[in-house]
Amino acid sequence: MAGSSVRSRKNSIRDQHFERNETQAFAFRQSHPLLPYLQAIPTESALDAGALGFMAKFLVQTTLPHREQTGTQYVRTDGNLTLRITDVGATGLPYGSYPRLILIWMTTEAVRTGNRELELGSSLSRFMAQLGLHATGGHWGTIPRFRDQMQRLVGAAISTRWSSEANGQNHTGGENLLIADRFHLWWTPQKLPIKRPGKSSVTLSVSFFEQLVAAPVPLDLRAIRALKRSPLALDLYAWATRRVSYLSRPTLIPWESLRRSFGAGYADTPQGRSSFRGKAVEAFRRVVMVYPELKIESHENGLLLRPSNPHIPKVLR
């Protein structure tokens, strides 16, 4: 993502430091319903806690819509990378937290098993339970929404395009990725997919599988559980985790750059840009609660990110 050194900006106005008030932060953490998980994150590694997950690198840079979209295509841009998601299964475009959680599960399982065929039996059930997603039926229950987003996701294709210039030449490249070659989904009213009466499975396309396992971004599933209700917080946690892994100096990320990558649904107007900035600041408050080592500040013109300890130690990667 494009960024500029903070030294290039004079008289930067710091209107919010995410670590500014330790008393308020402590009180907020004490009142959080996931306090036991939040307290355990700094003292026990994700690996030791059995909470190590992964997300595909190319889906961390720019990702899915936050809200339901009309039409059959969704497009986001991050610097010289453009991501386009197309509904090829006529089920609608995936959106919200659930497809993000499913993609984390897919990436984690692909890395763990080394197989393109992923069974949605006990592995998925354990994963969803680990995130505190309880199976409930009814129109507003978790199962109908989860099933709908799973069907949207396996019926989607992802196209990436990038460009660069070197030695007076322009290079354009890209990939077209069908998420699944085939899938079989069995459901019962009050349960996630189980092995009987049929085996629920998704067979990832070769290209998509290769993208998932190519240098995936490690995540702490305890943090994912705490952030699961906010698609924007999930996106920014994964993005910040990857970005600090190679950050060598303080870098200012312009708000507009963040909005182009993660601000789906926010209009390119003064009001839309202001609304996104407010939502992003609130989302980062949640992120630093689960990732307190993250050194990040909000400035008038962007987000100042400083070199920080990675959330998942590099030895685990």
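The values are calculated or read from the model by the stated rules, or taken from the named source; none is laboratory data. These figures come from a predicted structure and were not determined experimentally. Here the Cβ is made from the backbone with ideal geometry for all residues, glycine too, and neighbour counts use every protein chain on show. SASA here: full protein model, heavy atoms, side chains in, ligands and nucleic acids out. Shrake-Rupley method; radii C 1.70, N 1.55, O 1.52, S 1.80 Å.
So here's what we get for this one:
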| item | result |
| --- | --- |
| Amide H contacts of residue 117 (H built 1.01 Å from N, under 5 Å, at least 5 apart or other chain) | 204 |
| Rounded to the nearest 10 Å², the accessible area of residue 86 at probe 1.4 Å | 30 |
| Whole-Hz ³J(HN,Hα) from phi, Karplus 6.51 cos²θ - 1.76 cosθ + 1.60, for region 269-276, glycine and proline x | 9, x, 5, x, 5, 5, 5, 5 |
| Per residue accessible area of region 163-317, 1.4 Å probe, in Å² | 47 |
| Residue 302 long-range amide H proximity, modeled H, under 5 Å | 255 |
| Modelled label reach - residue 215, point 7 Å along Cα→Cβ, region 44-63 residues with backbone N closer than 17 Å | 54-62 |
| Trypsin sites (Lys or Arg not before Pro) restricted to DSSP loop in region 59-144 with at most 13 other C-beta within 10 Å | 67 |
| HN-Hα J in Hz across region 103-113 - Karplus 6.51, -1.76, 1.60, θ = phi - 60°, x for Gly and Pro | 5, 5, 4, 4, 5, 4, 5, 4, 5, 5, 9 |
| Length added when fully stretched, residue 115-residue 75, from 0.36 nm per residue minus Cα-Cα | 11.5 nm |
| Prolate/oblate/rounded label for region 250-317 (Cα gyration tensor, a/c 1.5) | prolate |
| Phi-based couplings in Hz for region 78-84 (Karplus 6.51, -1.76, 1.60; Gly and Pro marked x) | 10, x, 9, 9, 10, 10, 10 |
